1. Please work out how much length the chain gains when fully extended from residue 36 to residue 78, using 0.36 nm per residue of separation minus the C-alpha to C-alpha distance, in nm with one decimal.
2. Determine the sum of side-chain charges near residue 3: Lys and Arg each +1, Asp and Glu each -1, restricted to other residues whose C-beta is under 14 angstrom from that of residue 3.
3. Under 5 Å between amide H atoms, partner at least 5 residues away or on a different chain: which partners does residue 10 have, H built in plane at 1.01 Å?
4. Extending each Cα 7 Å along its Cβ direction at residue 110 and residue 65, get the distance between those two points in nm, one decimal.
5. According to the square roots a ≥ b ≥ c of the eigenvalues of the Cα gyration tensor, what is the shape class of region 46-86, taking rounded for a/c under 1.5, prolate for a/b larger than b/c otherwise, and oblate for the remainder?
6. Please find the FRET efficiency linking residue 50 to residue 93, where r is the Cβ-Cβ separation and R0 is fixed at 25 Å, and quote it to the nearest 0.05.
7. List the lysines whose alpha-carbon lies under 26 Å from that of residue 50, not counting same-chain residues fewer than 8 positions away?
8. How much of the DSSP beta bridge set in the chain is antiparallel, as a percent to the nearest 5?
Amino acid sequence: MVGMPYRYGGNTPRGFDCSGLIHYSYARAGVTVPRTTSQQRKYSRPVARKDIQIGDLLFFNQSGKRSSHVGLYIGGNRFVHAPSTGKTVHVVSLTSRYWQRHLVGVRRFDLDR
């Protein structure tokens, strides 16, 4: 979905917001997960940063809001996300100073339940 436009409330290739991208990506893998950032956080479990795996959720504080943004870890210290209006879904480095400063948690859905 890299290159698809950001769209508030979007969860299709016509446009994604951050949690919509997570919802859509998991659905493509045959897994149903909650739609909103707050619900995704609520129904996932914490993971130590040292134990991060592909498919884990990365939660960030932005604009003074707790866990207001979510991205999907894709390995190699990179994640994919739908950033904001006027931008497109893209891959960024988790090692950048900005994202390190705003990262507030790594979480994972228990898919074997």
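All of the numbers you see were taken from the coordinates with simple rules; none came from a lab. As the structure is a computational prediction, the values presented were derived from the model and not from experiment. Heads up, the Cβs are rebuilt from the backbone with ideal geometry, glycines too, and the neighbour counts pull from every protein chain shown.
1. Full extension from residue 36 to residue 78 adds 12.9 nm.
2. Within the 14 Å Cβ shell, the charges total +3.
3. 17
4. My value for the distance between the label points is 2.9 nm.
5. oblate
6. Using R0 = 25 Å, I get an efficiency of 0.90.
7. Cα-Cα hits under 26 Å: 42, 65.
8. 95
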